[in-house]
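Chemist: Below is one structure. I have some questions about it.
What follows is calculated from the coordinates using simple rules that are stated; it is not laboratory data. Just so it is clear, the model here is predicted, and its values are computed rather than measured. Neighbour counts are summed over all protein chains in view; Cβ atoms, including those assigned to glycine, are modelled from backbone coordinates with ideal geometry.
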Amino acid sequence: MKAVVKPVSKPITEETGPGVTIYHVAERAKVSPATVSRVLRGTQPVAPATEQRVRKAVAELRFRPSRLGVALAERKHAANGIVFPDLSGPFYTEVVLGYEEVAAERGRSVLILSTRDRVDAAQAVLSLADRVDGMVLFGRTVPDDVIGEVVATGIPVVLLGRPAVQGADVINTENEQSAYQLTRHLLDHGHRRVVYLGDPNGSADAAGRWAGVSKALREAKRRRNIAVCGADEQAGHDTASELLRGSNRPDALVCFNDEVALGAMLAAEELDVQVAITGWDDIMAARYARPALTTVRQPMRELGAQAAAALDERISGARTELIHRVLPTEVLIRNSCGGHS
């Protein structure tokens, strides 16, 4: 009877050097691609005889492992996802820079998604979850039930700037106490008509800052005034312009962030009105504004860096318990809050 020779699924006997993949090595060593990956990465123990076969196959085929190939063999993506409510403005830029620096050090690429003006935000987040090993969600990008669905897929999740959701790590910055201290400073220096420019329903950060402002005003038996406002410079300019044209104009504006504050400062200058103005974040422009902007410094890059590190700990298995961290902020008193109407 004539023997039938079946060809192998991947011809490897003559293929060496750059064209070789992790699958060729696995076939030569008679092991799974995941076993080859474990040997090359040293992440889990492998039987000595098996390791010897794998390393022999690597040498014979002159295999040059790529991070992507190893990740695919392990059914991993070597990528993190981070979801922002917006990508405009210096705040998000700083967070991304801190995040990418740590992610790159740990051999992970980053896929960034903005949910601004997306009607399919929930579906976009769930789709991204299928392509990454872990995900960071910033602010109120999607509802809690969508985050629950992402957690249920089994990938690690880190939340930034939003309340806790079961199964996810949480890293936030302190808001309420610093906003309270900032408002107390204004009240102690004679300001009586204080207005908060921001939208407490827009983010957990905005809500926390309004809570601190409210507490200080309530204790001082002052009226708690709020002007719902967007988070960019134009919104600050337009909102402040309307307030400062009024007959009972405020003598102090506590703004959600530095961009809103800078817009308010421009409005005050255009109207030739003296008003104390404070911001939040301590972006570079705040330091060089004239007058220099009183603000609250928060660790923007550190927020991104800690998110990337926390996610990597969960992905690698270095940590299994959930964390809930609050990073400190610092009130910086400068010249912009020294004026009186």
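Chemist: Quick check: the distance between the Cα centres of the range 303-333 and the range 93-125, to the nearest angstrom?
Modeler: One Cα centre to the other: 15 Å.
Chemist: Taking the range 287-341 on its own, what percent of its Cα-Cα pair distances exceed 19 Å?
Modeler: So the pairs more than 19 Å apart make up 51 percent of the total in the range 287-341.
Chemist: Running a GNM on the chain with Cα contacts under 10 Å, which residue among Gln298, Gln52, Gln306 ends up with the highest mean-square fluctuation?
Modeler: Its mean-square fluctuation being the largest, the pick is Gln52.
Chemist: Same structure again: Using only the alpha-carbon atoms, what does the chain span along each of its principal axes? Please give whole angstrom values in decreasing order.
Modeler: 106, 35, 34
Chemist: Treat each spin label as a single point 7 Å out from the Cα along the C-beta direction, and report the Arg106 to Asp86 distance in nm.
Modeler: Going by the 7 Å Cα→Cβ label model, 2.9 nm.
Chemist: Would you mind computing Rg(Cα) / (2.2 N^0.38 Å) for the range 104-170, counting N as its residues?
Modeler: Here the Cα radius of gyration is 1.06 times the empirical estimate.
Chemist: On full extension of the chain, what length is gained from Glu302 through Glu270, given 0.36 nm per residue of separation minus the C-alpha to C-alpha distance? Could you put the intermediate results ahead of the total?
Modeler: On the way: separation 32, 0.36 × 32 = 11.52 nm, distance 3.63 nm.
Computed gain between Glu302 and Glu270 is 7.9 nm.
Chemist: For every helix of n ≥ 4 consecutive DSSP H residues, a contribution of -39,500 (n - 2.57) applies; sum these over the chain, divide by its total residues, and give [θ] at 222 nm rounded to the nearest 500 deg cm²/dmol.
Modeler: -13500 deg cm²/dmol, from helical runs alone.
Chemist: What does the extension gain come out to for Val326 and Tyr288, with contour length at 0.36 nm per residue minus their alpha carbon separation?
Modeler: Net length gain for the segment: 10.8 nm.
Chemist: When only C-alpha pairs under 8 Å and at least 6 residues apart count, what is the relative contact order of the range 175-265, in percent?
Modeler: 36
Chemist: Under the 0.36 nm per residue contour assumption, what length would be gained going from the current alpha-carbon distance of Ile226 and Gln52 to full extension?
Modeler: In short, 55.7 nm is gained.
Chemist: Let me ask something else. For the range 173-302, what is the largest minus smallest coordinate of the Cα atoms on each principal axis, given in angstrom and ordered from greatest to least?
Modeler: Between the extreme Cα coordinates on each principal axis of the range 173-302 lie 38, 34, 27 Å.
Chemist: Oh, and also: Share of antiparallel DSSP beta bridges in the chain, in percent to the nearest 5?
Modeler: 10
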